[in-house]
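**Q** After the structure tokens below, expect a handful of questions from me.
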Amino acid sequence: MLKFILNDTDISTDQLAGSTVLDFVRYHKDLKGTKIGCREGDCGACTVLVGELIDDEVRYRTMTSCLMPLANAAGKHIVTIEGINPANRELTPVQQAMVDESGTQCGFCTVGFVMSLTGFCVDGSANSAEMAISAIDGNICRCTGYKSIERAAVRLSEQVAVSSEQYVPEYFATIQDRLRQLRGSDCSPLTAYSSLFVGGGTDLYVQRHDAMSESEATHLFYDDELRTIRDAGEYVEIGASVTVTDLLESPVMNAIFPDLYKHLKLVSSTPIRNMATLAGNFVNASPIGDMTVWFLALDAEITLSTPPYEGGVAAASADGVVLSFRDMKLRDLYLGYKQLAKQPDEIITSIRFRKPAGDHRFNFEKVCKRTYLDIASVNTAISLTIRSTPGEDWIPPALSSPPYEGGVDAAPGGRGGSLAVEHTIIAAHVAAGGVAPIPLYLRQTSEFLAGKTVNAETIAAANEIMQSEISPISDVRGTDQYKRLLLRQLFRAHFVEIFHQL
């Protein structure tokens with residue numbers, strides 16, 4: 001039996017583990033507040049809160065229930081709009097803010113906005129207006145107009161910062177103990193071993209929703225052994241079921257990548273980032289997979305495991321089952337369009353990349369038809385190790401006059417100093433998506449850049465090599481010529497961002 005808490009009710013069900021949380025709450029529990037919209041995770045009308053016990057504290061994240069397998073609800077607290085409505089039928093502070101700022105019209109999308117903003121209010125980690133608006137980046141409104149909804153979000157951010165209002169009902173105080181009890185029981189579905197593996201479901205349930213709902217699969221999303229991010233000395237090691245949000249919240253990753261939020265904010269939306277796993281992004285093998293391109297530029301390695309087990313990886317380890325492992329470069333995983341150098345019963349269990357040494361610079365760029373909540377026309381990432389040498393006319397930062405617009409920093413990070421500083425590339429890794437049948441590691445371009453001085457001539461010469469490595473096609477996201485132009489411009493943008501000069 002699959003066990004979890006739905007609002008204030010303990011659930012024990014034998015419904016198909018592959019069916020969606022959206023269908024379960026609407027059709028089996030008659031909770032019709034959660035709406036059916038796109039069934040692709042784009043509109044946010046089906047947004048729910050998912051509470052998970054992390055370090056003995058309940059952490060809530062928003063997720064799109066249309067893409068969420070019921071198996072992923074096991075041992076969690078699933079909250080629909082009915083679960084936050086006060087018993088006295090008054091409005092919650094979030095609902096009141098939406099009313100006061102005229103943030104609702106037809107009302108179809110309102111539930112999703114309310115759930116996303118409620119998630120922001122109970123998160124506790126950030127209460128700025130920017131973060132409040134960011135919390136609703138996965139919700140689409142078709143008629144009201146976003147400014148009124150944004151005003152409601154800003155108003156709530158101000159309230160959260162100065163008051164201790166009750167944003168959720170009193171029964172939420174009991175959830176921590178109830179989840180502890182669930183953790184001590186067998187709350188996961190008994191799923192026979194299958195060669196169909198599911199993580200967050202954000203790709204599979206878009207591609208073949210009906211088939212997935214009826215399928216028997218091995219669900220890996222909440223396998224604790226696959227959810228870790230750790231500093232392993234020379235390497236950073238990441239579990240395969242780590243989500244994009246897990247990366248965003250990781251002190252290890254933030255210490256290495258100061259622009260992490262800026263870059264990963266371009267990846268889909270908050271609810272999808274809360275669900276999308278790294279391994280799922282890799283094995284989906286989309287030529288425009290954002291996280292695949294990101295980790296290709298880190299020259300990441302993966303571990304593939306062949307698991308003869310029933311259940312998850314953790315269960316196999318506990319039973320003493322010996323798994324077979326093999327390592328490979330992520331760039332070697334892709335053989336052709338949707339063709340992988342892995343066996344059907346192999347899964348990715350971990351990802352690792354070498355910790356940067358010396359002066360390391362990283363950048364990610366993406367162009368799509370809308371800035372957020374969209375797949376890329378072209379995306380690209382670059383990782384550079386740099387040696388900086390002052391020239392004869394170099395002006396030390398202490399003697400120069402900031403601010404510098406278009407200048408290069410002599411100090412680490414590349415901000416301040418003068419143009420007389422010469423930067424030499426010690427090592428480079430460049431990757432791009434949308435320009436080949438696979439997410440592409442640009443091997444020749446990367447090799448060319450090593451040992452070169454950063455200047456306009458180097459960038460131009462590297463672009464010529466890069467253009468010979470790619471083979472874009474014309475499709476709904478642009479012509480092949482357009483994609484070549486985009487990659488050229490985005491490649492230049494890497495150097496503008498990293499060195500603040502062309």
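**Q** For region 201-221, what are the residues that are buried (at least 19 other Cβ atoms within 10 Å of the Cβ) and not in a helix (DSSP H, G or I)?
**A** Passing the criteria: GLY201, THR202, ASP203, ALA217, THR218, HIS219, LEU220, PHE221.
**Q** Sticking with this one: With region 346-391 as the region, which strands (runs of 3 or more DSSP E) entirely inside it contain at least 3 residues that are among the small types (Gly, Ala, Ser)?
**A** Those strands (runs of 3 or more DSSP E) span 378-390.
**Q** Can I ask one more? If you go through region 71-92, how many residues are surrounded by fewer than 23 Cβ atoms within 10 Å (Cβ to Cβ), among the charged types (D, E, K, R) and either touching a residue at least 24 places away in the same chain (Cβ under 8 Å) or part of a helix (DSSP H, G or I) (or both)?
**A** Matching residues across region 71-92 total 1.
**Q** Hand me the list of helices (runs of 4 or more DSSP H) wholly inside region 93-198 holding 2 or more residues that are crowded, with 23+ Cβ neighbours inside 10 Å and touching a residue at least 12 places away in the same chain (Cβ under 8 Å).
**A** Because the criterion is at least 2 residues that are crowded, with 23+ Cβ neighbours inside 10 Å and touching a residue at least 12 places away in the same chain (Cβ under 8 Å), the helices (runs of 4 or more DSSP H) in region 93-198 that meet it are 93-100, 110-123, 129-135, 146-162.
**Q** Would you mind stating whether GLU447 is among the acidic types (Asp, Glu) and free of Cβ contacts under 8 Å to residues at least 40 places away in the same chain?
**A** Answer is yes for this residue.
Quick grid of which residues meet (1) more than 18 Å from ALA297 (Cβ to Cβ); (2) among the acidic types (Asp, Glu):
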position	(1), (2)
ALA460	yes, no
GLU464	yes, yes
SER471	yes, no
HIS494	no, no
GLU497	no, yes
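**Q** Could you tell me whether any residue of region 29-46 is under 26 Å from ASP223 (Cβ atoms), assigned to a loop (DSSP other than H, G, I, E, B), touching a residue at least 40 places away in the same chain (Cβ under 8 Å) and of a type in the set (Ser, Thr, Tyr)?
**A** no
**Q** Now for a different question. Regarding region 428-441, can at least one residue be identified that is surrounded by fewer than 16 Cβ atoms within 10 Å (Cβ to Cβ) and either touching a Phe, Trp or Tyr at 6+ places or on another chain (Cβ under 7 Å) or outside any strand (DSSP E or B) (or both)?
**A** No: region 428-441 contains no residue that is surrounded by fewer than 16 Cβ atoms within 10 Å (Cβ to Cβ) and either touching a Phe, Trp or Tyr at 6+ places or on another chain (Cβ under 7 Å) or outside any strand (DSSP E or B) (or both).
**Q** Taking LEU67 as the residue in question, decide whether it is assigned to a loop (DSSP other than H, G, I, E, B), without any contact (Cβ under 8 Å) to a residue 12 or more places away in the chain and more than 25 Å from ARG178 (Cβ to Cβ).
**A** The answer is no for LEU67.
**Q** Checking the condition charged (D, E, K, R), without any contact (Cβ under 8 Å) to a residue 12 or more places away in the chain and over 21 Å from LYS366 (Cα atoms), which residue from ASP231, ASP223, ASP210 passes?
**A** ASP210
**Q** On to the next question. Among the listed residues ASN72, ASN139, which satisfies the condition of being in contact with a Cys (Cβ under 7 Å, 6 or more places away or on another chain), closer than 28 Å to TYR205 by Cα and of a type in the set (S, T, N, Q)?
**A** ASN139
Every read-out reported here was derived from the displayed coordinates using simple, explicitly stated rules and does not represent laboratory data. These figures come from a predicted structure and were not determined experimentally. FYI the Cβ positions are ideal-geometry reconstructions off the backbone, even for glycines, and counts take in every protein chain you see.
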